[in-house]
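Any read-out appearing in this document is the output of simple, stated calculations on the displayed coordinates, not a laboratory observation. What you see is a predicted model, and the numbers here were worked out from it, not measured in a lab. Cβ placement follows ideal geometry from the backbone for every residue including glycine, while neighbour counts extend to all protein chains displayed.
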Amino acid sequence: MTVSIKWFPPSWFQIKTKDKIMYIDPAWMRTYFTKYPKKIEYSRWPDPIDGLPEELEKADVILLTHHHKDHCKSVTVNRLKDADTLVVAPKRCINELGKDIHVVAPGDEIPFGDIKINVVDAYNTEQGSSTRKVHHKGNGVGYLITLEGKTIYHAGDTDVIPEMVKLGAVDVALLPIGGTFTMDIQDAVEAVIAIQPKVVIPMHYLKADPQEFKEKVEAKSDITVVPLRIGAVYHLK
């Protein structure tokens, strides 16, 4: 069975299997979709800015990596969930989402049917290339998701961290490259070499050039880099 991975900025992914739909960091921000023709705007300022990039199915699982509004936004989560949706997030997301969530921390494991979700670290480091150290260890997380015999790693907002070499086999790594709040392109290349995934999909671009990232990774390895356009899909077989 093919697993489909669809990207929306900055770090929002839809992952679909034959019978499950998962979202990671769904957070509607108008600024990212001003030119996207499929966008749906439900409200505007001064109301909570509510929208979706396109018609999207309800979720079985929603994973949030941390509490910042471009990753964790209640109106977007509420648009995508129903009564049976499992919403998973670190503790600081309670302020935005309320207490009706499954609170996690690095080291936790969550079974969900035939899907296994492992919670891992994500944070800025003093020596990392991020210029704004706003992601402190323990506040945010990344996720290792095993489904259909494949493992997908969503790194969250992070610098290169020692824990990356302990992730095990990764089929697809979803890695930030933007600098400022996360590792930049050069450090993201270092992360790729440490993780050794089969495929990398860059995210959280900000002003970074995903094609530059692709060229630098592929110059140093045989790892495939797949920059996705907004709303584009990668099929993992």
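How do GLU215, GLU96 rank when sorted from fewest to most other Cβ atoms within 10 Å of their own Cβ?
Placing the least packed residue first, the sequence is GLU215, GLU96.
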Original post:
Between the DSSP loop rule and a limit of at most 16 other Cβ atoms within 10 Å, which trypsin sites (Lys or Arg not before Pro) in region 65-152 are left?
Top reply: LYS69, LYS99, ARG132, LYS133, LYS137
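What are the GluC sites (Glu not before Pro) within region 1-94 that DSSP puts in a loop, where the Cβ has at most 16 other Cβ atoms within 10 Å?
GLU54, GLU55, GLU57
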Original post:
If you add up the charges near SER129, with Lys and Arg at +1 and Asp and Glu at -1, over every other residue whose beta carbon is less than 10 angstrom from its beta carbon, what do you get?
Top reply: -4
Subject >> CD proxy at 222 nm, helix term only [per DSSP H run n ≥ 4: -39500 (n - 2.57); per residue of the chain; nearest 500] >> reply: -4000 deg cm²/dmol
Original post:
Once amide H atoms are placed 1.01 Å from N in the peptide plane, what residues at a sequence separation of 5 or more from PHE112, or on another chain, have their amide H within under 5 Å of its amide H?
Top reply: ILE117
Subject >> Antiparallel bridges, percent of DSSP beta bridges restricted to region 3-236 (to nearest 5) >> reply: 60
**OP:** May I ask you to derive the relative contact order of the chain, considering only C-alpha pairs under 8 Å and at least 6 residues apart, and to give it as an integer percent?
**Re:** 17
**OP:** Determine the gain in length on full extension of the stretch TYR42-LYS58; use 0.36 nm per residue of separation and subtract their C-alpha separation, reporting nm with one decimal.
**Re:** 4.1 nm
**OP:** Starting from the amide H of GLY156, placed 1.01 Å from N in the peptide plane, find each other amide H under 5 Å away whose residue is 5 or more places distant or on another chain.
**Re:** TYR143
**OP:** Using a/c under 1.5 as the rounded threshold, could you call the chain rounded, prolate or oblate? The axes a ≥ b ≥ c are square roots of the C-alpha gyration tensor eigenvalues, and prolate needs a/b larger than b/c, oblate otherwise.
**Re:** rounded
Subject >> SER11 long-range amide H proximity, modeled H, under 5 Å >> reply: HIS204
**OP:** Counting other beta carbons within 10 Å of each Cβ, put SER129, SER221 in order, fewest first.
**Re:** SER221, SER129
